[in-house]
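Please read the structure below before turning to the comments.
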Amino acid sequence: MIDESMGALPARGLAAERVLGEVRELRGLDRPTHGGRLFAYVYDPGVAGLDELAAAAYAESAHVNGLDPTAFPSLLAMENALVGAAARVLGGGPGTSAPEVVGSVTSGGTESLILAVKAARDGRPEIDRPRIVVPASAHAAFAKAAHYLRVEIDSVPIDPETLRPAVADVAAAIGPETVLVVCSAPSYAHGVIDPVAQIAEVAAAAGVRCHVDACFGGWTLPYLRRLGEPVPAFDFAVPGVTSISVDLHKYAYAPKGVSVLLHRDPALRAPQYFAYADWPGYTMINPVISSTRSGGPIAAAYATLRHLGDDGYLELTRRTRDAVRVLADAVRGVDGLRLITEPESTVVCFTSTDSGPDLFVLVDELAARGWHTQPQLTYAGLPRSVHLTVTAAVAPRAAEFAADLAEAVAAAGVAGPVTLPPELLALAGALSPEALTAELVASLAAGLGLGTVGGPDSGAGGGLPERMAPVNTLLDAAPPALRERLLVEFVSLLQRPSY
Ligand SMILES: Cc1ncc(COP(=O)(O)O)c(C=O)c1O
């Protein structure tokens with residue numbers, strides 16, 4: 001049993017076995033990372049022995065420091081191998097039209113995107129107020145990059161039917177201060193592939209870099225194409241594409257902490273680097289944001305790629321594609337639901353029809369049946385929706401989904417939609433983020449069942465309501481700026497030290 005009073009720093013150190021037992025007990029609070037029933041956050045190939053291999057490789061290199069490649073050539077060798085593999089998967093390397101592709105291994109998609117924006121910004125030092133052109137469907141990490149790097153965003157709306165930006169709108173948004181144009185292959189929310197070739201063409205015509213965010217699906221699209229799916233050109237085979245990001249901790253099935261940022265040539269990558277020698281300590285050269293970096297994730301990714309191999313990824317993508325088809329059929333087969341779009345990658349995204357269930361209630365009903373899906377809020381003319389990231393491990397379970405989905409829809413119908421007090425909804429719709437006081441947040445949180453983790457009346461990991469529909473309904477009623485503020489407040493209520 002976990003003795004909470006002792007906290008993370010007990011007066012006397014505890015036996016290894018006991019401590020590991022505590023970690024395992026805490027892990028029992030989590031959603032299931034394996035087994036194909038969690039449709040977000042995790043990527044499970046369902047390959048026996050892979051976890052053990054990756055964990056052993058991770059442990060081997062956990063204490064190696066990527067800060068200095070001359071001290072730890074093992075890490076440099078593995079990084080270069082990962083970059084080479086990613087380049088090859090994405091249309092670059094020897095014998096291609098992009099033979100000079102180079103890259104870096106980062107900690108994840110967000111870091112890759114921040115660095116793509118940094119390289120673009122610092123590649124144009126003559127521009128005082130740099131701007132980037134970003135379709136509304138692009139990942140939120142571009143907004144984070146813009147925020148961190150003081151770059152302005154020119155947002156391009158997406159068509160509510162195709163869920164893609166119009167190329168003419170992208171072209172019109174490019175101005176003299178634009179340093180980067182962004183597109184997704186595919187987008188996270190809906191899994192659709194932007195018209196990369198056309199967007200890259202207008203960017204190139206304006207002399208502007210074009211980044212393809214393939215963080216999510218960059219490792220599956222080439223295999224889907226080999227399986228005969230109609231995947232449009234999106235990689236370095238497209239002339240105007242200057243950089244691509246792909247996350248190995250997503251569909252390459254490596255443990256968390258690995259993404260690759262590729263540039264078409266070394267000159268494009270150069271402004272990504274940060275070097276500093278004007279201090280009395282060691283001379284510092286950081287290709288990525290972190291300075292000290294564990295070798296663990298890199299070694300684990302290396303082992304994963306080497307073990308699964310090209311044939312392994314082809315087979316895992318085939319299983320994933322088949323699972324997508326089964327899940328999409330399940331959605332089609334239930335009255336009251338409709339696919340937001342026909343799946344073109346590894347996402348199934350659906351919404352409800354006018355006579356359909358409250359989707360947030362449905363998400364809770366599915367969770368009660370062991371299926372963990374991801375609700376997406378109403379946004380800019382798009383209805384609320386449910387997102388399923390489908391991985392290979394879903395395949396053996398996919399056939400079970402249809403019956404549970406139908407049952408969950410029926411249960412959501414019986415439960416009826418979430419009804420929050422009208423004055424609360426009116427407040428969410430009208431309140432300005434600045435007007436949100438600590439007292440108001442506390443009473444909102446209490447009303448929604450959000451307690452304080454580690455507080456006197458919460459168990460370990462407590463503080464979260466069993467049913468999230470009321471929280472999602474409140475957020476859904478608020479405009480994005482207030483959603484952001486509420487999220488910050490709610491999460492800061494959860495992030496409290498436990499002693
Ligand atoms: C398209 C896309 N880009 C970027 C990211 C950010 O990746 P990470 O969560 O690894 O920082 C994601 C994550 O889902 C994504 O789907």
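The values are calculated or read from the model by the stated rules, or taken from the named source; none is laboratory data. Everything numeric here is computed off the predicted structure, so don't read it as measured data. We place every Cβ from the backbone using ideal geometry, glycine too, and count neighbours over all the protein chains shown.
What's the total number of residues in the range 93-141 that are more than 16 Å from the ligand (Cβ to nearest atom), assigned to a loop (DSSP other than H, G, I, E, B) and at negative phi? Counting residues in the range 93-141 that are more than 16 Å from the ligand (Cβ to nearest atom), assigned to a loop (DSSP other than H, G, I, E, B) and at negative phi gives 15. For Leu82, the conditions (1) away from the ligand (no atom under 16 Å from the Cβ); (2) assigned to a helix (DSSP H, G or I); (3) not aromatic (Phe, Trp, Tyr) are fulfilled apart from (1). Filtered by the rule that a residue be loosely packed, with under 13 Cβ neighbours inside 10 Å and away from the ligand (no atom under 15 Å from the Cβ), the range 142-151 gives a lone residue, Arg150.
Which residue, of Ala8, Ala15, Ala77, Ala56, is out of contact with any Phe, Trp or Tyr (no Cβ under 7 Å at 6 or more places or on another chain), over 26 Å from Arg306 (Cα atoms) and modelled with pLDDT of 95 or more?
Ala15
If only residues of the range 387-423 that are crowded, with 20+ Cβ neighbours inside 10 Å and among the polar types (S, T, N, Q) are counted, the one that is farthest from Gln374 (Cα to Cα) is Thr391. Ala380 falls short on exactly one of the conditions (1) under 22 Å from the mean Cα position of the chain (by Cα); (2) modelled with pLDDT of 95 or more, and that condition is (2). Any idea which of Thr437, Thr341 is in contact with a Leu (Cβ under 9 Å, 6 or more places away or on another chain) and β-branched (Val, Ile, Thr)? Exactly one of Thr437, Thr341 is in contact with a Leu (Cβ under 9 Å, 6 or more places away or on another chain) and β-branched (Val, Ile, Thr), namely Thr341. Restricting attention to the range 20-53, the residues that are in a helix (DSSP H, G or I) and surrounded by 12 or more Cβ atoms within 10 Å (Cβ to Cβ) add up to 7.
Per-residue answers, yes or no, for (1) farther than 30 Å from Asp68 by Cα; (2) under 23 Å from the mean Cα position of the chain (by Cα); (3) of a type in the set (Ser, Thr, Tyr); (4) surrounded by fewer than 21 Cβ atoms within 10 Å (Cβ to Cβ):
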position: Trp279; (1), (2), (3), (4): no, no, no, yes
position: Ile285; (1), (2), (3), (4): no, no, no, yes
position: Ala300; (1), (2), (3), (4): no, yes, no, no
position: Leu316; (1), (2), (3), (4): yes, yes, no, no
position: Thr320; (1), (2), (3), (4): yes, yes, yes, no
position: Val331; (1), (2), (3), (4): yes, no, no, no
position: Asp354; (1), (2), (3), (4): yes, no, no, yes
